[in-house]
Amino acid sequence: MQLAVNIVVLTAIYALIACGYVLIYRVSRVLNLAHGELLMLSAYLLLWTASLFAGHAVAAIAAALGLSVAVGAMVYLFLLRKLTGEMALAAVLTTVALGVLLRGVTVIVWSAQQQYPAVPLGLANWAFALPGGARISLWAALLVATTLAVYASLFAFLRLGRWGMRMRAAGQNPLLAAQRGINLHAIYALAWSLSTLTGALAGVLIALDSGLGQTMAIIGLKAFPAALVGGLDSLAGALLGSLIIASAEVFLIHYVDPLLSEVIPFLVLIVVLTLRPWGLLGTREELDRV
Amino acid sequence: MSRRPRASGYFRTDYGEDLTLLPTRLERLAVLGVLVALLALPLLASPFLIDLAAQVFLAVIGALALMLLTGYAGQVSLGHAGLLAAGAFTVGILFKEFKAPFLVTLPAAAAVGALLGVVFGLPSLRVRGLYLAVSTLALNFLVAYLGGEYEARRGFSTGIVVDPPSFAGKAVTDAKAWYLILLAAAVATLLLCANLLRARSGRAWAAIRANETVAQTLGIGVASYKLLAFVISSALTAVAGALFAYYRGFVSVEAFSLFLSIQYVAMIIIGGMGSLAGAILGALFVTLFPYAIEAGLGALVGATAYAGLRFAVNAAAFGAVMILFLVLEPQGLIGLWRRLQTYFLLWPFRHRPVGGARR
């Protein structure tokens, strides 16, 4: 029973992070390998706002999320926009470099030690007993709920909203979309800020649950195979991929070897890449992007 | 190799001349001068400088191998550290388990590298670009896991100590001897790469990079040449890893993080894609960069306060420089050099004549 709970929580973590990869890739065909570092930055921003708004947990979290959205938009406006027209590889490598930069900066500003933003906010972490003898912590439960809410609203936004439709149009054919009067730069900036927002939600909740340190960027990187297994341009795929990766990871760690934890996502990834490179639910596109 | 025309009035009249490595006397003299300077360096330099040079040579081998794969054959790889680790661990394991000598472990490392090259080149036949980069990323984690597993199982949890190699019963421990060995290895790698590139294989890779379908139509075996690029690049990288293991005398997974892969990619970007000289310049730049940052930090006031943050400052500055190159000068250092050349060639004009005129 505890295993099932672990799988659900890990799936929620991976899914919440993976939808950030999917959003950006689907709209602008850029792979954001700095996603892990960006969500780590959001968690550190929470640490900062927690010291500003000591005691007002909601205000601190809202401020951290708002700052993250701004960071995401700025990354697009100041970095990725300059690379329009370059090879897709240049954009990917820029995000890699951004990740390295962010890791360095977070250590310089906040030190490399494990820190707990829940403490200055005065938030406790309860554990609930579930039927069947399993336990789940408050923040993990919130994380699962958030993931469901985020996916539901993203589906609704992309399917029904005016801006969501514009985003889909830009993702399908940027040239035609631009000719129909859609402001591509605004759409891309929106995709980046939405992506960092979902990442920030994940980062903040993980940090509140188990503290934050430099390992958080690794979680972000491990969620990437989940997005790719499901198909990089499919939200439903990200959910499915997260479930597959999370179950494989939990089972193998439990029954085989805990050291495997960092490799499993990538092993699953290789298998999928050789059999079905466009992912389980992704659209089969020309894989000729670089 | 595609040569750009020169302004000097030197025109090639047959294909043989087009393939010559160093066509003009000035170039031959320059290369000779650099070689003499490199050979004379250990007589003059301090031990610190010699160590630095040795590190640069190791990086040059790895960067050349990556340049061959990414810069010429167009196959992106983010798993370079995994291949270096594979070479280093081959040496470490063969040494610990069988006391194998230098002359056995080095070819073994190359063989392991070539094998990994086949395994990770196979996806390249099916996936391209971004997806390929991701599958090579997996290589990094896989090799690191296997290495860590070996360390943990055999009880070398902090790393494997490797004795220096011995020639004719004498152990090579002298820094100057190492300098010469690594210099020779780097020069040999450079020659190998240059020769591969001016032969049929180089032309095939250029065609594949430009357009796979066209390459296939021209009768180039796309699959086999892609695999060849992977095999050669991986074998060279694994040898660099093996030399690294002997040079440091110590093998541990920690040395081969994802950051190292990123550094190698940075080398070929900062140096300039599609140029062997670029790979060398990039290796030089990336290897010396942390030392420059350290020196810069030391010169600041209150240097001791930053001591603990050295690595972080390094990473931040490194990321910033990489971004600057990607955004402002995608052609890298070699692009800067070419632009400078063009500037002087055209001086006092700013632009090439438009149309018609011989370029």
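Quick check: Cα centre of region B:90-146 to Cα centre of region A:1-36, how many Å?
If you average the Cα positions of each part, the centres end up 29 Å apart.
Between B:VAL172 and B:ALA277, what length in nm is gained on full extension when 0.36 nm per residue of separation is reduced by their alpha carbon distance?
The B:VAL172-B:ALA277 span can extend by a further 34.8 nm.
Shape call for region A:129-184 from the C-alpha gyration tensor, a ≥ b ≥ c root eigenvalues: rounded (a/c under 1.5), prolate (a/b greater than b/c) or oblate?
Since a/c reaches 1.5 and a/b is larger than b/c, the shape of region A:129-184 is classed as prolate.
Along its three principal axes, how long is chain A when you only count alpha carbons? Whole Å, largest extent first please.
Each principal axis gives a Cα extent; for chain A these are 55, 46, 36 Å.
Given R₀ = 41 Å, FRET efficiency for B:THR217-B:GLU254 by Cβ-Cβ distance, to 0.05?
0.30
Could you order B:HIS351, A:HIS254, A:HIS185 so the one with the most accessible surface comes first? Probe is 1.4 Å.
Final ranking, largest accessible area leading: B:HIS351, A:HIS254, A:HIS185.
Convex hull over the Cα atoms of region B:107-223, averaged projected area in nm²?
For region B:107-223, the mean projected area of the Cα convex hull comes to 10.7 nm².
Return the single residue from B:LEU66, B:LEU106, B:LEU191 with maximal mean-square fluctuation; model: Gaussian network over chain B, springs between Cα atoms under 10 Å.
B:LEU191
In nanometres, what is the gap between the two model label sites at B:PHE311 and A:VAL271, each 7 Å from Cα along Cα-to-Cβ?
3.4 nm
Compute the distance in nm between two label points, each set 7 Å from the Cα along the Cα-to-Cβ direction, one at A:ASN173 and one at B:LYS99.
Here the answer is 7.3 nm between the modelled labels.
Of the residues A:ALA73, A:ALA15, A:ALA177, which exhibits the maximal mean-square fluctuation in a Gaussian network model of chain A defined by a 10 Å Cα contact cut-off?
Checking each option, the largest mean-square fluctuation is seen for A:ALA177.
Restricting things to Cα coordinates, could you compute the convex hull volume per residue of region A:1-104 in Å³?
Expressed per residue, the convex hull around the Cα atoms of region A:1-104 is 130 Å³.
Taking N as the number of residues in chain B, what is its alpha-carbon radius of gyration divided by 2.2 N^0.38 Å?
With N residues counted in chain B, Rg over 2.2 N^0.38 Å equals 1.05.
Divide, for region A:81-189, the radius of gyration over alpha carbons by 2.2 N^0.38 Å, where N is the residue count.
1.60
Of the candidates B:GLY274, B:GLY82, B:GLY62, which one comes out as most mobile in a Gaussian network treatment of chain B with C-alpha springs shorter than 10 Å?
Result: B:GLY274 has the largest fluctuation of those listed.
What's the longest uninterrupted piece of chain A once you rule out the trypsin sites (Lys or Arg not before Pro) that are loop residues per DSSP with at most 13 other Cβ within 10 Å?
Value returned for the longest uninterrupted segment is A:1-179.
Note the angle between two axes, namely the Cα long axis of helix B:47-66 and the longest principal axis of the Cα atoms of chain B, as a number of degrees from 0 to 90, rounded to the nearest 10.
With rounding to tens, the tilt is 60 degrees.
Would you list A:MET1, A:MET74 from the most to the least accessible area, probe 1.4 Å?
Result, largest first: A:MET1, A:MET74.
Per DSSP helix of 4 or more residues, -39500 (n - 2.57); summed, then divided by the residues of chain A. What does that give at 222 nm, rounded to the nearest 500?
Helices in chain A give a 222 nm mean residue ellipticity of -24500 deg cm²/dmol.
In what order, largest first, do A:LEU89, B:LEU180 sit by accessible area if the probe radius is 1.4 Å?
Ranking A:LEU89, B:LEU180 by accessible area, largest first, yields B:LEU180, A:LEU89.
Given contacts defined as C-alpha pairs under 8 Å and at least six residues apart, what's the relative contact order of chain B, whole-number percent?
27 percent
Any chance you could look up the accessible area of B:ASP51 with a 1.4 Å probe, heavy atoms only, rounded to 10 Å²?
Rounded to the nearest 10, the figure is 40 Å².
Work out from phi, with θ = phi - 60° and the Karplus expression 6.51 cos²θ - 1.76 cosθ + 1.60, the ³J(HN,Hα) of each residue of region A:119-131, listed in order in whole Hz, and give x for Gly and Pro.
After applying 6.51 cos²θ - 1.76 cosθ + 1.60, I find 5, x, 7, x, 9, 8, 10, 8, 10, 9, 8, 9, x Hz.
Along Cα→Cβ, 7 Å out, is where each label goes; now give me the distance between the ones at B:GLU17 and B:ARG350 in nm to one decimal.
So the two model labels end up 3.6 nm from each other.
Evaluate E = 1/(1 + (r/R0)^6) for A:ARG159 and B:ASN195, where r is the Cβ-Cβ distance and R0 equals 56 Å; express this FRET efficiency to the nearest 0.05.
That gives a FRET efficiency of 0.45.
Using only the alpha-carbon atoms, how far is helix B:80-98 inclined from the longest principal axis of chain B? Give it as 0 to 90 degrees, nearest 10.
So the inclination is approximately 40 degrees.
Go from 0 up to the bin containing the longest alpha carbon distance in the protein assembly as shown, width 20 Å each, and give me the % of pairs per bin.
17, 50, 28, 4, 0
Non-local amide H neighbours of B:PHE250 (under 5 Å, H modeled in plane, Pro and chain starts lacking H): which ones?
B:VAL162
Specify the inter-centroid distance of region B:239-259 and region A:116-169, based on alpha-carbon positions, in whole Å.
42 Å
Between rounded, prolate and oblate, where does region A:1-56 land on the alpha carbon gyration tensor, with a ≥ b ≥ c its root eigenvalues, rounded for a/c under 1.5, else prolate if a/b exceeds b/c?
Oblate is the answer for region A:1-56, as a/c is 1.5 or above yet b/c matches or exceeds a/b.
The values are calculated or read from the model by the stated rules, or taken from the named source; none is laboratory data. On a predicted model such as this, the values are computed, not experimentally measured, just so you know. Every residue, glycine among them, receives a Cβ derived from its backbone with ideal geometry; neighbour counts consider all protein chains shown. Areas reflect the complete protein model, heavy atoms only, side chains present, ligands, DNA and RNA absent. Shrake-Rupley method; radii C 1.70, N 1.55, O 1.52, S 1.80 Å.
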